[in-house]
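What follows is one structure encoded as structure tokens, with my remarks underneath.
Where a number appears in this text, it was derived from the coordinates with a stated rule and is not lab data. Nothing here was measured: the structure is a model prediction, and the numbers come from that model. Here the Cβ positions follow ideal geometry from the backbone for every residue, glycine too, while neighbour counts run over all protein chains shown.
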Amino acid sequence: MKIVIKIISYIIAFILMLIILAGILIGITTKTVLSQTYVINKLEETNFYEKVQKNLLIKEKDYIEQSGLEELNIEKIFTVEQIRKDVNNLFNQMYRGKIVSFNENNIKQQLDNQLDKMNLTTAEKKEADQIFETIINTYSTEVTYGTYSQYLNNVPKAITKINNTISEFSIVMYILPIIFTVIILIINRKQIKIGLKYIGISLLANGILLIGINIYIKTNMDISNLLILNKASSDLIIAIVTDILAKLNIVGIICTIIGFVGVVIGATYKKEKHKQKHS
Amino acid sequence: MQNNFARISKATIISIIVALLFAVIVVVAIKLIIGKQISFAVSILNTISIEEKQANEQKLEINTEKKRLDTYPAYGTKYGNIKIDSIGVDLPVYLGDTDEILNKGVGHYSGSYFPGEGGSIVYAAHNFARFFRKLPQVKVGNKIKITTNYGEFNYKVYDTQVIHMSESDKLPIQDEKEILMLYTCYPVTGIGHKKHRFVVYAELMEEE
């Protein structure tokens, strides 16, 4: 009977470990990549808008210099505020499950307004329109990744699906650990400290896994040199990944410490029982 | 006291081993279920991340007997540098001539030979101010230096021409003599699509 209780306790401890692990990973994901506020904060922290503007102006100036439209003042059009507005709008659409689209009318209008002040012939204005198309396409590519829209449009669907799934299971994720913890304690109600030992094992295993994931990623992936699309995006993704790894590490350490304490408490209980037998 | 400590330690160690076993079971299960996808993702991310870092470190070697490179750089990577002192050009050279490459520097037409191989080398760059805007100012006799990690090559300009973009025969690919041809859209200023190209022709200088 004691052996049966032991086996059942180990099985429940294993299941508890899995549930806690899932809860931790879901919790961290929900608070980071699935949170629009978090991502927008990271955009500000990594000076994303300024970096995009710097890159954009270099590319746009290249086209403008060879176009002969040197009088165009693009710094007035492609401001950090304009970029912030368009990028945040892009993320807003993504996190609300909408199709990603970019409204170029505002930029086209500003370019046309500047063109009207130049004394150009009709033929030159027509050529300028073609150049404006290139300028707007460059802006769309650099700022809203317009050329990748076919992939980007999968992101809102994925985010909506994940959020819906998490909402459905979130109550379960919070309640299940409590249920399984109580089950272990009930099974081992005559030896509560032994029950704590099993809970400690679950937490310790979680801590080992989380710290192990951290070490694996850091040793096998060159995170600091990630290059995705451009420097601004890469720095953003590096910052998010580094932050998530740090969170995993902290939670892992906490689980390890609490788990270790639980395990030691369970170990001390055996000592008391042994004393009682021989007294 | 010592016995108690030994017993507690033993029990603790057993529990730690069980916890490790739990972790190992999870790792094995993950590896069995999605191990391949994880390895693929890691290798893709690493390839992307170290691409820029290693591009400059890729060691190329030229077989001087056969006059051919033993290994060629990956398409899209930087393998050298071009310097034209007379017009202040000092730019990276990439293999390939896609839009992405031409926005970064000088593109090497991949159907032409490499410096040192004794054939036609064709380089192109946009007529942006930071690239080949001043190319039309190059004169016969000006020197051009190409630096790679397998050698340094010096060329002397012997001709410049304005050609129509359809005149590809004015950029001949041959392997009898090492000729460097640089071109850019022409005219270098003015509104509109450019239908002409300004070409600089230079021949390899004999080593002194």
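Radius of gyration (Cα atoms) of the protein assembly as shown, expressed as a multiple of 2.2 N^0.38 Å: 1.40. In this structure, the amide hydrogen of B:M205, modeled 1.01 Å from its nitrogen in the peptide plane, lies closer than 5 angstrom to those of B:N154, B:Y155, B:K156, counting only residues at least 5 positions away or on a different chain. Comparing B:A74, B:A125, B:A29 in a Gaussian network model of chain B, where Cα atoms under 10 Å apart are tied by springs, the biggest mean-square fluctuation is seen for B:A29. Taking chain B as a Gaussian network of alpha-carbon nodes connected by springs under 10 Å, the highest mean-square fluctuation of the residues B:G107, B:G190, B:G141 belongs to B:G190.
State the volume of the convex hull built on the alpha-carbon positions of region A:68-217, expressed per residue in Å³ and rounded to an integer. Don't jump to the answer; show the numbers that get you there.
Working: hull volume 24.6 nm³, N = 150.
Given the Cα convex hull of region A:68-217, per-residue volume reads 164 Å³.
Ellipticity at 222 nm from helices only: DSSP H runs of n ≥ 4 in the protein assembly as shown, each -39500 (n - 2.57), divided by the residue count, give -20500 deg cm²/dmol. Compared with the dominant principal axis of the Cα atoms in chain B, helix B:2-55 is inclined by about 20°. Candidates B:G111, A:V261, B:Y155 compared by Cα position along the dipole of the protein assembly as shown: farthest toward the positive end lies A:V261, with charges placed on Cβ.
Per-residue mean of foreign Cβ neighbours for B:5-12 is 4 (Cβ atoms of other chains, 10 Å radius). Note on region A:234-260 and region A:1-36: Cα centroid distance 17 Å, given to the nearest whole angstrom.
Just tell me the longest site-free run in chain A, where the sites are GluC sites (Glu not before Pro) in a DSSP loop having at most 13 other beta-carbon atoms within 10 Å.
Details: sites that count: A:E70, A:E71.
Result, exposed sites excluded: A:72-279.
Near B:H164: Cβ cut-off under 15 Å, other residues only, Lys/Arg at +1 and Asp/Glu at -1. The net charge is +2. Beyond a 28 Å Cα-Cα separation, which of these cross-linked pairs lie in this structure: A:K126/B:K78; A:K98/B:K78; A:K98/A:K126; A:K76/A:K126; B:K78/B:K143; A:K76/A:K231? Violating the 28 Å Cα-Cα cut-off are A:K126/B:K78; A:K98/B:K78; A:K98/A:K126. Take each residue in A:127-139, count the other chain C-beta atoms within 10 Å of its C-beta, and the mean is 1.
In chain A, excluding the sites themselves, the longest stretch lacking any of the trypsin sites (Lys or Arg not before Pro) that are in a DSSP loop with at most 14 other Cβ atoms within 10 Å is A:118-279. Counts of other chain beta carbons within 10 angstrom of each beta carbon in peptide A:49-62 average 1. If you take the charge dipole of chain A about its Cα centre, with +1 on Lys and Arg Cβ and -1 on Asp and Glu Cβ, which of A:Q93, A:T37, A:M118 is farthest toward its positive end? With unit charges placed on the Cβ atoms, the residue in question is A:T37.
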